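The values are calculated or read from the model by the stated rules, or taken from the named source; none is laboratory data. Note that the structure is predicted; figures quoted are calculated from it, not measured. Don't worry about glycine lacking a Cβ; one is built from the backbone with ideal geometry, like all the others, and counts go over all protein chains shown. Areas reflect the complete protein model, heavy atoms only, side chains present, ligands, DNA and RNA absent. Shrake-Rupley method; radii C 1.70, N 1.55, O 1.52, S 1.80 Å.
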Amino acid sequence: MTTAHSGTDMQSFPCYLVANWKMSLSTRQSLELATALMHEASMMPIPDDLHTWIAPSFLAIPDIARKVAGTRFRVGGQNLWPEQHGAYTGEVSPTQLKEMGATFVIVGHSERRSLVHEGEELIRRKVKSAITNGLACILCIGETRDERKAGKTLAVLRSQITSAVLGLSPHEVRSLLIAYEPVWAIGTGEVATTEQIAEAHTTISTIVAELTTARCPVLYGGSLKPENAPEILALPSVHGGLIGGASLQSGSYFELVRAGLAGM
C-alpha cells in the first residue's frame, strides 16, 4: 500500500503541491508541460519533504509516468471507479491506474460532485478502493456558497469526512490526504480569507482526530495562485495545495513550489 505521509501532527507533515490538469491539455501538451516542469526542477533543489504530484488526464498518464520516471514527480489519476473490473463502460479501475504508472488518485472533486452528481456512498467506496489497492487518495471536500451562507459549513465538512473515514483503519488513513475546496471560492472571483482557511483546516483535522487515531494532511484547493500562495501555504494548518489553473504553466507552478518552500 502506498503511504502518503508519516506525520503525526499539523507541523510534521510534508508539503504537497498537487497539479490537477483536469481536461485542459492534449497528451502532446501534457508531455510538453512535464518536460518544462522537469527543466524547472533541475534548477531548483527540492527537499524530500516537499512533494510534487501531477494528475493529468487518463490518456496522458502512461506517457507522463514514463517521462518523469526517476524524478521527484509522482503521477496520479483524477478519478476512478471502485470496482477492479466489470461492465462499467467509460470507467477506470484502481488496478488499471496503477498499471499506467499512477501512485495516487483524486476522489470526490467538487466538479465530480456537481457535474455528475457523485454522492457520499460512491465517494466512500472510491476512497476505500483506492487505498485498498495501493494508491494514495486525495479526498476533496468543501461547502457551497449557499451552505456557507446558511451556516452549514461545519456540518457539511463533518458529514463528508465521516462518510469517507469511518470505514478506514488507522493504517489506511495514513494513505489519505484531504483537500479542502470551498466551492464558492473556485472560479467565482470570491477569495477565502486566511482566517476562513485556517478555521476550516483546523476543523477538518479535529474531525479526523475524533474519528481515528491516525492523522492526514489537509491541502487547500480553493484557487491557489502565486499571488495568494505565500500567505496561505504559511498557515500551520495548511499542508500544501490541490492546484488547478495555476498548474498549467511551469513558471506559475514553480512559484507555488517556492511559496511552499518558504512556508515550510
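When ligands, DNA and RNA are left out and all protein chains stay put, how many square angstrom of accessible area per residue does the stretch 1-109 have with a 1.4 Å probe?
On a per-residue basis, the stretch 1-109 sits at 48 Å².
Before anything else, pin down the relative contact order of the chain: Cα pairs under 8 Å, at least 6 apart, normalised by residue count, whole percent.
Relative contact order here is 22 percent.
Say a site is exposed when it is one of the GluC sites (Glu not before Pro), sits in a DSSP loop, and has at most 16 other Cβ atoms within 10 Å; what is then the longest site-free stretch of the chain?
Result for the longest clean stretch: 92-189.
Less than 14 Å Cβ to Cβ from Ile243, Lys/Arg counted +1 and Asp/Glu -1: what total charge do the surrounding residues give?
0
Heavy atoms only, probe 1.4 Å: what % of the accessible area of the stretch 167-244 goes to carbon and sulfur, would you let me know?
That fraction is 54 percent.
List, in the order given, every pair from Lys149/Lys225; Lys128/Lys149; Lys98/Lys128; Lys126/Lys149 whose Cα-Cα distance in the structure shown is over 22 Å. Could the numbers behind the result be given before it?
Values: Lys149/Lys225 25 Å; Lys128/Lys149 32 Å; Lys98/Lys128 15 Å; Lys126/Lys149 30 Å.
Correct reply: Lys149/Lys225; Lys128/Lys149; Lys126/Lys149.
Evaluate E = 1/(1 + (r/R0)^6) for Lys149 and Lys22, where r is the Cβ-Cβ distance and R0 equals 45 Å; express this FRET efficiency to the nearest 0.05.
Plugging the Cβ-Cβ distance into 1/(1 + (r/R0)^6) gives 0.95.
On the full set of protein chains, 1.4 Å probe, figure out the accessible area of Met264 and give it in Å² to the nearest 10.
In the full protein context, Met264 sits at about 100 Å².
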